[in-house]
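A quick write-up on the structure given underneath.
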Amino acid sequence: MKNKANPGTFAKIMKRVRGHWLLLAVSILCAAANVFLALYIPVVNGRAIDYIIGEGRVDLPAVIDTLTVVCVCAGLAAAAQWVMNICNNRMTFEIVRDLRNDALRKIEILPLSYLDSHPHGEIVSRVIADVDQFADGLLMGFSQLFSGILTILGTLVVMFSVNWQIALLVVFITPLSLFVASFIARHTFDMFKLQSETRGEQTAYMEEMIGNSEVVKAFSYEKQSLEKFDEINERVKKYSLRATFYSSLTNPGTRFVNNLVYAAVALAGALSALRGRLSVGQLTAFLSYANQYTKPFNEISGVITEFQNALACAGRIFELIEAEPQTPEPEDAVVLGEAGGSVDVDHVWFSYVPDQKLIEDFSISVKPGQRVAIVGPTGCGKTTIINLLMRFYDVDKGAIQVTGHDIREVTRRSLRENYGMVLQETWLKNGTIRENLCMGKPDASEEEMIAAAKAAHAHSFIRRLPQGYDTPITESGGGLSQGQKQLLCITRVMLCLPPMLILDEATSSIDTRTEILIQNAFARMMEGRTSFIVAHRLSTIRTADIILVMRDGHIVEQGNHEQLLAKNGFYAEIYNAQFME
Amino acid sequence: MKTLFSYLKKYRKEAILGPLFKLLEASFELLIPLVVANIIDVGIAGADEGIIIRDAVLMAALGLIGMLFSITAQYFSAKAAVGLAATLRHELFSHIQSLSYSKAQTIGTSTLLTRITSDINQVQTGLNLALRLLLRSPFIVFGAMIMAFTVNVKAALIFVVTIPLLALVIFGIMKVTTPLYKKVQSKLDGLLRMTRQNLTGVRVIRAFNNEEKELADFESGNEAYTQMQQHVGRISALMNPLTYMIINAATAVLIYYGALRVNVGELTQGQVVALVNYMSQILVELIKFANLIVTISKGMASAGRIQDILQMESGMDILEKTGKSGTACLEFDHVSLTYPNAGAESLTDIHFSVGHGETLGVIGGTGSGKSSVVNLIPRFFDATAGSVRVDGEDVREYGPEVLRAKIGIVPQKAVLFKGTIRSNLQMADPDADEAAMWEALRIAQAEGFVREKKGGLDAEVAQEGRNFSGGQRQRLTIARALTRRPEILILDDSASALDYMTDANLRRAIRQADPDMTVVIVSQRTASVRFADRILVLDDGRAVGLGTHDELMKSCPVYREIYDSQFRKENGGKGAAGHEE
């Protein structure tokens, strides 16, 4: 079997299957029993037919005996099949469950650089869709591959033992059906590809036009847009007709080959019967084999396609599971207690991509309780600083120290416990308000939680929600306004109140009143704490102890408000444009 | 469903010929067991080689004709199904474009896209299979039974009992498992949500050291999913063993009964074989039929959903006036607006007018109704009370194209379409020449970066304009609106991604470009509107102020509050304590 997937993939799958060897053994045993019985039944039926020769020449007791055997065999075969199915289900679903758990466990320890550079949709589709596809392939493989191969072998054995000439005939004709099927499959593959590409193009186009209908309407663009749509639609129709029609040829084609086999067996069988080399019962058995014999071939070719697909999916999953995790913590990592709050950035160099320099030789010394404002136009890379402080990314050169410890030498957990972070992009998890608020302190009491919510001005609106603190919210925040979501995020930090803060001031989309509440909450939190603030507001900037001015990812100026104004550089320029028009 | 299938009329010929050829093919298939019986009873019993050879050739010929008929049927079915799908896509797309903005918003883009993609595909698959198999499978099942009747009436009664029994098992298991499979799917959706949450919220989850809790939640969800899968698996694993047992028991009974009849000379050996063969044809077809029912009912459900959209009315009457001269350019005459399905008014009694060449600023917090004011002007929504007038004429009296040709709108979300810069600008005016486009780009502060782009005006624009930064996209959408040299230019919070300097330059350039153009600037920033001729201050859907910056600073507390929050000179937060709830 040829496939593009890494050859190691198959070995990795087998390693996981091996963990369920008992189920696998039972499954194979049952498959063998089932196949044996299923092949035996037509033989017995044929024997019964042979006891029914004609008027007055029927051996009734013998007929009854053989038919009893048939019924017992059928019952056993059915039971074996059921047990096999259950074993296969269990094996597949447990393997798949473990794969998903492993994938998520890996996601939790992947470096941010991996997660930021891979589209989330793609990772999700590996964990969900690819694993599902893999499960389908595995299940099909387990349930059809063994029994298919055994059926073919068994049929051959029985046919050759009954009459080798006819058996030979069957063996020579059947590959024709495989040939027909694979011929069609090979030719339709390109048409399916073309169909799905054109469909993709059409969907993208519709997404654009329907998703932005206000623009289409505003410029009265409907007619042109429909014309272009029709052009793509015609192509979709053309390719779709081809793909649908050609792929639907497989069934008539293979059925015809089967019919040929059937006719050939009937002919050869009947002629041998004339010469007394075959009984009528044996002929019926042969005919029923001829009917069944080709089926496993078609099934196996289906399994192989499916299995190749499953291998490709498995390859993608293993790629995720085996991705390089974040730098492990050193054995003797220090557990940072309640940090004093001094942060020293010492000649730090950093960039996301090697050939695109960003932070170059950046040093700053922040004393406990000081405020650092980070300012600059949108998209200037202010979040880079957050990434480095929280150790979402490691610096390339230099070091960041918190209360005298290099942050690479302390545990990530204890470092992050010392920071409270509120990002502008508010993120809430699926769950209740309570679960969201208590993320940083799962054992918080009701009183503590309410006190934090009051301090963050969130209590009054939470109280008015349908189920108060137990109201479920979704990731996108459902009915909550942007400002309310921000207040929830602030409460979350307020509840654990660590010694250092990272705050991201909202720019727009929050109404003035809520913004004032948020400002109040921020101010209350910052009292006596070392804080880093991505700042947009003049008051925050002016009162900061240190201002970092950023532009295009670089830190261009550093100092306090007066110093920077006096310098009359980039800071002065944005300050004047914004506030002094 | 009547109207949806009326689109099939175009393909009436195909829709009739498809099933017809399929039935012809099935009839040939039903003849095979009779030919086999003839071989046994006449050929073998009568030792007539000629008959055996003739019958075998007959079977091969029947197979060949069957294949040709079947291929013909597949072609017609595919043509009808693909054709209907293409027609439906065209109808649906053009219908969606004709829906009023308000209707389309209520339904939602993703719903509309699902209808036009996967729902239509579902209908195509359903129709294709229905044309091919809906008649064929029952035809074979009942045909086999009827053929059995022609062989022997009493023996056929065994069929009468077996068929309902098989149907009961197959459809009974389906009925039990279908809702269970839905539950499995919803559990999988839950896993998907959790996976995505772990990616989108990775920073917050790590900041709060919540990785292990997230993993535990996922694992328990995964376990529940696995259990559910196994539960359904155990039930549906019964289908094959049970039907297998029934069919074998029925065959045994048939042979036994056949033995009795043959003994008294009522049946021949060959006829018994024919009856057994008919029995085995039934099972395969019933299982096919069960799968078909699933596909068809999915297709029907999709068809219903498509139908619902097609039946929606556009929601706006269209008249054809062109406007008067010598009147105010834009007037709101005691306008109120309640959105469809909304409980409360979004705008209440808004009253103002703007002359030609004037600039109107609209300011207010989130949800204050700024965008609603904008939506009424190009008639994306109709006012529920009062009237909106452009050039002295109610916007409802205009043809939408005439009205929208007067307006250049720059929506909040900066959207570009796949194509080139030129094709995007020409959306606004297909006849715009190079000079006009460069002029628009110059005013929109976009000339610089477009000149630097390879290809200039012909530089490629990716879908949604993803290859441009947020600020560049905004400036290009402004240039697009300016390309049509509108009477009214509406900037709906269109400068949010621009730094303050660029924003200021932009406003200056717009004002200088065309002294007669009326400009409406919507913003959250006082800096963006303070030099407007008049500023409309909105709060909770009401106009709480209308006047110049200086007037409003004196008379309008809400305006002053917004201004103070952005320009306040005193220490952050403390001065605002009085505004708490």
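The values are calculated or read from the model by the stated rules, or taken from the named source; none is laboratory data. Everything quoted here is computed from the prediction, not taken from an experiment. So basically every Cβ, Gly included, is an ideal-geometry build from the backbone, and we count neighbours across all protein chains shown.
Within the range A:308-320, the only residue that satisfies the criterion of being crowded, with 18+ Cβ neighbours inside 10 Å and either of a type in the set (D, E, K, R) or farther than 16 Å from A:GLY8 by Cβ (or both) is A:ARG316.
Residue-level check: of (1) modelled with pLDDT of 90 or more; (2) within 21 Å of B:ALA290 (Cβ to Cβ); (3) in contact with a helix residue (DSSP H, G or I) (Cβ under 6 Å, 6 or more places away or on another chain), B:VAL160 misses just (3).
Comparison of B:ARG261, B:ARG305 shows that the only residue that is assigned to a helix (DSSP H, G or I), at pLDDT 85 or above and more than 14 Å from chain A (Cβ to nearest Cβ) is B:ARG305.
Taking the range B:42-57 as the range and being buried (at least 24 other Cβ atoms within 10 Å of the Cβ) and either outside any helix (DSSP H, G or I) or touching a Gly at 6+ places or on another chain (Cβ under 6 Å) (or both) as the test, only B:ILE52 passes.
If the condition is being more than 10 Å from chain A (Cβ to nearest Cβ) and either under 24 Å from A:LYS217 (Cα atoms) or outside any loop (DSSP other than H, G, I, E, B) (or both), then the range B:447-464 contributes B:GLU447, B:GLY448, B:PHE449, B:VAL450, B:ARG451, B:GLU452, B:GLY456, B:LEU457, B:ASP458, B:GLU460, B:VAL461, B:ALA462.
Test A:THR244 against the stated conditions and say whether it is among the polar types (S, T, N, Q), surrounded by 20 or more Cβ atoms within 10 Å (Cβ to Cβ) and either assigned to a helix (DSSP H, G or I) or assigned by TED's automatic domain parsing to the domain that holds A:ILE184 (or both). Judged against the criteria, A:THR244 is a match.
For the range A:408-436, taking the residues that are more than 11 Å from chain B (Cβ to nearest Cβ) and crowded, with 22+ Cβ neighbours inside 10 Å, the one that is farthest from A:THR384 (Cα to Cα) is identified as A:ILE433. Got at least one residue in the range B:115-133 being within 30 Å of B:LEU337 (Cα to Cα) and within 13 Å of another protein chain (Cβ to nearest Cβ)? Within the range B:115-133, one or more residues are within 30 Å of B:LEU337 (Cα to Cα) and within 13 Å of another protein chain (Cβ to nearest Cβ).
Residues in the range B:427-435: is at least one more than 28 Å from the chain's Cα centre (by Cα), part of a helix (DSSP H, G or I) and among the hydrophobic types (A, V, I, L, M, F, W, C)? Yes: the range B:427-435 contains one or more residues that are more than 28 Å from the chain's Cα centre (by Cα), part of a helix (DSSP H, G or I) and among the hydrophobic types (A, V, I, L, M, F, W, C). Taken over the range B:260-275, the criterion of being surrounded by fewer than 24 Cβ atoms within 10 Å (Cβ to Cβ) and within 22 Å of A:VAL72 (Cβ to Cβ) is satisfied by B:LEU260 alone. Screening the range B:404-422 for residues that are over 16 Å from B:LEU482 (Cα atoms) and touching a residue at least 12 places away in the same chain (Cβ under 8 Å) and picking the one that is surrounded by the most Cβ atoms within 10 Å (Cβ to Cβ) gives B:PHE417.
Residues in the range A:187-212 that are within 7 Å of chain B (Cβ to nearest Cβ), crowded, with 18+ Cβ neighbours inside 10 Å and polar (S, T, N, Q): A:ASN212 alone. Restricting the range B:67-78 to residues that are more than 7 Å from every other protein chain (Cβ to nearest Cβ) and surrounded by 23 or more Cβ atoms within 10 Å (Cβ to Cβ), the residue that is nearest to B:ILE140 (Cα to Cα) is B:ALA73.
Among the residues of the range B:191-201, is there at least one that is over 32 Å from the mean Cα position of the chain (by Cα) and buried (at least 17 other Cβ atoms within 10 Å of the Cβ)? No - not one qualifying residue is present in the range B:191-201.
Can you find a residue that is of a type outside the set (S, T, N, Q), assigned to a loop (DSSP other than H, G, I, E, B) and within 9 Å of chain A (Cβ to nearest Cβ) anywhere in the range B:396-412? Taking every residue of the range B:396-412 in turn, at least one turns out to be of a type outside the set (S, T, N, Q), assigned to a loop (DSSP other than H, G, I, E, B) and within 9 Å of chain A (Cβ to nearest Cβ). Within the range B:497-519, residues that are within 17 Å of B:ARG442 (Cα to Cα) sit with their Cβ atoms under 8 Å from residues that are surrounded by fewer than 18 Cβ atoms within 10 Å (Cβ to Cβ) and of a type in the set (Gly, Ala, Ser), at 6+ positions apart or across chains, in these pairs: B:PRO515/B:GLY357; B:MET517/B:GLY357.
Here is the figure for the range A:266-280: residues that are more than 9 Å from chain B (Cβ to nearest Cβ) and assigned to a helix (DSSP H, G or I) total 1. Of all residue pairs spaced 6 or more apart or on separate chains, those with beta-carbon atoms under 7 Å, a first member in the range A:55-73 that is within 7 Å of chain B (Cβ to nearest Cβ) and a second member that is assigned to a strand (DSSP E or B) are A:VAL58/A:ILE52; A:VAL63/A:ILE52. Note on the range B:215-241: residues that are touching a residue at least 12 places away in the same chain (Cβ under 8 Å), within 7 Å of chain A (Cβ to nearest Cβ) and not in a loop (DSSP other than H, G, I, E, B) amount to 3. Could you go through the range A:45-54 and let me know if any residue there is at pLDDT below 90 and either within 45 Å of the chain's Cα centre (by Cα) or within 18 Å of A:GLY154 (Cα to Cα) (or both). Scanning the range A:45-54, I find at least one residue that is at pLDDT below 90 and either within 45 Å of the chain's Cα centre (by Cα) or within 18 Å of A:GLY154 (Cα to Cα) (or both), so the answer is yes. Of all the criteria given as (1) at negative phi; (2) crowded, with 20+ Cβ neighbours inside 10 Å; (3) outside any helix (DSSP H, G or I), the one not satisfied by A:GLY341 is (1).
Does A:ALA444 meet the test of being part of a loop (DSSP other than H, G, I, E, B), at pLDDT 85 or above, over 17 Å from B:ASP217 (Cβ atoms) and small (Gly, Ala, Ser)? Yes, satisfied.
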